[in-house]
Amino acid sequence: MSVIGDEKTLMRMNGTGFVAWTPGGIYETNCDCDVTYYPFDTQICSIVLSTWAYTSDEISLQLGNPAVQTSMYSENGEWELLSVFGQNTTTTRETKNFSRLMFTLTLRRRFLFHVLNTILPVVVMATLIVLVFKLPPESGERIGMSLTAVLTYAVYLTLISDNIPRTSLSACILSIYLAIILCLSALAVILTIVVLDLYFNIEGDDVPAWLNWFTHHVMVNFSCWKRTTCCNERNRITPKDKKQVLPSSNTDLKLGASQVANAELGKNWNLTFDTSSADDNTILEYSWKEIALIMDKCFLYIFTFLVLLATLVTFITLGCNY
């Protein structure tokens, strides 16, 4: 802020020797901003007025009543003025006291514009990462969709960086969220390439034993693949057109009377028994295409969880600060 003064502004003096001088002007000042919770942030700015050339014995600055006149204040489209506080203090420089006035303004950012133009598109585009693994490999659009998501988040990260103050004292949570989603998008591109490479692999090549074991014991159970179930079900009743699983000869079959009492039920339904406990050591052989599809489903669940977790943590943190 520059020196307050205007030689063209006259002074008023009354009979008691009281002199009134009211210089006017528009002054620009800066204050430090904490952009951690942008765009749900609240800023506290302090404006200090001091007499640098005259001591407090020569000029004493006093606050008016009220300290700040807000009658001519006009509403701002980006900031909301919450409170204004004035304080009369004294500072010491080289053993001399100088009068000083400190005005503290509390401003809160209006978030509607940023929610509609930044946050809402960012959250909607976060679903693009998850939907990449939902596209069938034969579509030929998976790589293009993955790269589009990466480029879109890179552009939005640039736009947000241009709208917030450039400072390294605090990191914007929204920028961190965009960086996380950008990394997940890049990882989705890499995983999509791996899945497509496995899916279009030559069928004559044998699947390694370790990959078949990992698929059967880990990925199949995690993804609830159609050739298995997420939980063991026993004594299930299935239609006749479904594949009937025959129990082993040494399996102890315990059927309730209610399952066989109705004769019509036996005509239309078959009793199916889960014998997975008897065949735990049996590992099914999976083809390259099946492994690729199972990996797709696993990545779909993992990325859905990560995107939801990052989104909820980010916006709950931002909302609690507002």
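Every number here is computed from the coordinates shown, using simple stated rules; none is lab data. Source: prediction; values computed, not measured. All Cβ positions, glycine included, derive from the backbone under ideal geometry; neighbour counts span all protein chains shown.
In plain terms, the residue of 75, 290 with the fewest other Cβ atoms within 10 Å comes first and the most crowded comes last, giving 75, 290. Computed extension gain for residue 44 through residue 28, at 0.36 nm per residue and net of the alpha carbon distance, reaches 4.1 nm. In terms of surrounding Cβ atoms within a 10 Å radius of their Cβ, 317, 95, 9, 70 rank from fewest to most as 95, 70, 9, 317. Gain on full extension, evaluated as 0.36 nm per residue between residue 166 and residue 80 minus their Cα-Cα distance, stands at 28.8 nm.
Treating r as the C-beta distance of residue 91 and residue 147 and R0 as 41 Å, the FRET efficiency rounds to 0.10.
For the range 39-171, the Cβ-based charge dipole about the Cα centre amounts to some 180 debye (Lys, Arg positive; Asp, Glu negative; other atoms uncharged). Put in line by how crowded their Cβ is, counting other Cβ atoms within 10 Å and starting with the fewest, 193, 47 read 193, 47.
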